[in-house]
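Undergrad: Submitted below is the structure of interest, expressed as structure tokens.
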């Protein structure tokens, strides 16, 4: 089992999603609010469809959020794509104890899932991979993540519509809240606050 | 300056202050009784209550009610920490990196590798080690400064726009 490089398909889908979101929201600024709602519903459909695409277009290799010093010998995967630490030589901190469940991004079809990922066959996942896990955006479940984005997106679109009546607050909230979400996700990825 | 929203801000701040007193007393009693505090559960409940109250102000304040959320969140956090520290007889800038991720965030600007593990930091703090005490109080002052700045900016944004 070899280690994959950059997954261009996933990057392209991500870029397309961002472009679709931004253009839909900009379009909504020049139309009436009812059109904006339709655009946002369409945007929701696009996002959910993309989630399924991302789920099955990942690289067919196993990734684990492993940090130097974790002292993991190898991981055993279960049906729910969680990794179970097997081995010894665990250092602290943070260190994973034997038998502890750790987060694993294992992008396999279920019938191809290996029982054990041996040492040297997994590496630490990148931040991009962490954000595009099949299970969610980092540790946030995809359903919750898209719900948050939908609420923020509606707030932003409505903010554009009512800019002069205080709508700028909704528009400003969008990058601020997403910035905080991204910062929190990055700190979870590095396991360091900060 | 639009002062028509000032009474709403005052009422909201009054509510937050009373809620802080009740919640701080609740946590203090738990700590005294040696009971475990579920920080996540309390965070969700407090955020939910403050958000619901802020939502009431959407009718008179429209979009500006959204700015009550950072006021409620960061104002609550600062006032709650201050109240609880007072009740427990601790220094006003006492903050614990082991209690929640939010509090730990304010230790981020300092190099805290030397202070690991937290149990050792806690032991040295209560022993009165100058370096450890200063390390914790510096993070506490940073937390208050951040929170008060956000509250002031949000109030200014409501009144000045």
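Undergrad: Does residue B:143 meet the test of being within 14 Å of another protein chain (Cβ to nearest Cβ), assigned to a helix (DSSP H, G or I), crowded, with 16+ Cβ neighbours inside 10 Å and modelled with pLDDT of 90 or more?
TA: Considered against the rule, which asks whether it is within 14 Å of another protein chain (Cβ to nearest Cβ), assigned to a helix (DSSP H, G or I), crowded, with 16+ Cβ neighbours inside 10 Å and modelled with pLDDT of 90 or more, residue B:143 comes out as yes.
Undergrad: Out of (1) touching a helix residue (DSSP H, G or I) at 6+ places or on another chain (Cβ under 8 Å); (2) surrounded by 13 or more Cβ atoms within 10 Å (Cβ to Cβ); (3) within 12 Å of chain A (Cβ to nearest Cβ), what's the single condition that is false for residue B:118?
TA: Just one mismatch for residue B:118, condition (1).
Undergrad: Going through B:81, B:88 one at a time, which residue ends up being buried (at least 16 other Cβ atoms within 10 Å of the Cβ) and within 24 Å of residue B:141 (Cβ to Cβ)?
TA: Answer to the check: B:81.
Undergrad: Could you tell me which residue of the range B:121-132 is farthest from the chain's Cα centre (by Cα), considering only residues that are surrounded by fewer than 17 Cβ atoms within 10 Å (Cβ to Cβ) and closer than 27 Å to residue B:42 by Cα?
TA: B:123
Undergrad: Looking at residue A:185, is it touching a helix residue (DSSP H, G or I) at 6+ places or on another chain (Cβ under 9 Å) and either more than 12 Å from every other protein chain (Cβ to nearest Cβ) or part of a loop (DSSP other than H, G, I, E, B) (or both)?
TA: yes
Undergrad: Determine which member of the set B:13, B:40 is under 15 Å from the mean Cα position of the chain (by Cα) and loosely packed, with under 13 Cβ neighbours inside 10 Å.
TA: Checking each option against the conditions leaves just B:40.
Undergrad: Condition first: within 14 Å of chain B (Cβ to nearest Cβ), over 26 Å from residue B:104 (Cα atoms) and modelled with pLDDT of 70 or more. Can you find one or more residues in the range A:131-152 that meet it?
TA: Checked the range A:131-152: at least one residue is within 14 Å of chain B (Cβ to nearest Cβ), over 26 Å from residue B:104 (Cα atoms) and modelled with pLDDT of 70 or more.
Undergrad: Among B:74, B:135, which is the only one that is surrounded by 14 or more Cβ atoms within 10 Å (Cβ to Cβ), within 13 Å of chain A (Cβ to nearest Cβ) and either within 21 Å of the chain's Cα centre (by Cα) or in contact (Cβ under 8 Å) with a residue 60 or more places away in the chain (or both)?
TA: B:74
Results for (1) away from chain A (no Cβ under 14 Å); (2) part of a helix (DSSP H, G or I); (3) in contact with a helix residue (DSSP H, G or I) (Cβ under 9 Å, 6 or more places away or on another chain); (4) in contact (Cβ under 8 Å) with a residue 40 or more places away in the chain, shown as yes or no for each residue.
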{"site": "B:17", "(1), (2), (3), (4)": "yes, yes, yes, yes"}
{"site": "B:25", "(1), (2), (3), (4)": "yes, yes, yes, yes"}
{"site": "B:44", "(1), (2), (3), (4)": "no, yes, no, no"}
{"site": "B:47", "(1), (2), (3), (4)": "no, yes, yes, no"}
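Undergrad: What are the residues in the range B:63-90 that are closer than 17 Å to residue B:126 by Cβ and touching a helix residue (DSSP H, G or I) at 6+ places or on another chain (Cβ under 6 Å), if any?
TA: Listed by number, the list holds a single entry, B:84.
Undergrad: Scan the range B:84-101 and tell me whether some residue there is over 17 Å from the mean Cα position of the chain (by Cα), away from chain A (no Cβ under 12 Å) and over 30 Å from residue B:8 (Cβ atoms).
TA: yes
The values are calculated or read from the model by the stated rules, or taken from the named source; none is laboratory data. Owing to the predicted nature of the structure, the values given are computational and were not obtained by experimental measurement. Quick reminder, even Gly has a Cβ in these numbers, built from the backbone with ideal geometry, and neighbours come from all protein chains shown.
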